[in-house]
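Here is the structure we will look at.
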């Protein structure tokens, strides 16, 4: 979250690139390969936690939404960024345990 909150303009660019038709399947595959170990970890967490009955995609969307919401609040309310980060982490932790 540190990178995202320190670089909100780059975070917005990544969001736009994700839905862009300009990103090739090869580029998306390379990005997925880079993130494979994180994806494996998240799958282990999902199958052993409270999200075990959720599909992989649904669980990922929930986790992403929680992270995005936390980062948005950290960016737009910097005076309370540490508090938002802590609460966001606690909620994500509860969702995966």
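Any read-out appearing in this document is the output of simple, stated calculations on the displayed coordinates, not a laboratory observation. A quick note: this is a predicted structure, and the numbers were derived from the prediction, not measured. Positions of Cβ are backbone-derived with ideal geometry, glycine not excepted, and every protein chain shown enters the neighbour counts.
Within segment 1-41, count every residue that is free of Cβ contacts under 8 Å to residues at least 60 places away in the same chain, touching a helix residue (DSSP H, G or I) at 6+ places or on another chain (Cβ under 7 Å) and closer than 27 Å to residue 81 by Cβ.
0
Scan 23, 75, 91, 62 and give me the residue that is outside any helix (DSSP H, G or I) and either surrounded by 10 or more Cβ atoms within 10 Å (Cβ to Cβ) or more than 15 Å from the chain's Cα centre (by Cα) (or both). Reasoning before the result, please.
On the way: 75 fails: outside any helix (DSSP H, G or I); 91 fails: outside any helix (DSSP H, G or I); 62 fails: outside any helix (DSSP H, G or I).
Being outside any helix (DSSP H, G or I) and either surrounded by 10 or more Cβ atoms within 10 Å (Cβ to Cβ) or more than 15 Å from the chain's Cα centre (by Cα) (or both) holds for just one of 23, 75, 91, 62, which is 23.
Got a number for residues in segment 36-59 being within 15 Å of the chain's Cα centre (by Cα) and surrounded by 12 or more Cβ atoms within 10 Å (Cβ to Cβ)? Lay out the reasoning, then the answer.
Within segment 36-59, the subset within 15 Å of the chain's Cα centre (by Cα) is 36-43, 45-46, 56-59.
Checking which are surrounded by 12 or more Cβ atoms within 10 Å (Cβ to Cβ) leaves us with 39, 42-43, 45-46, 56, 58-59.
Going through segment 36-59 one residue at a time, the tally reaches 8.
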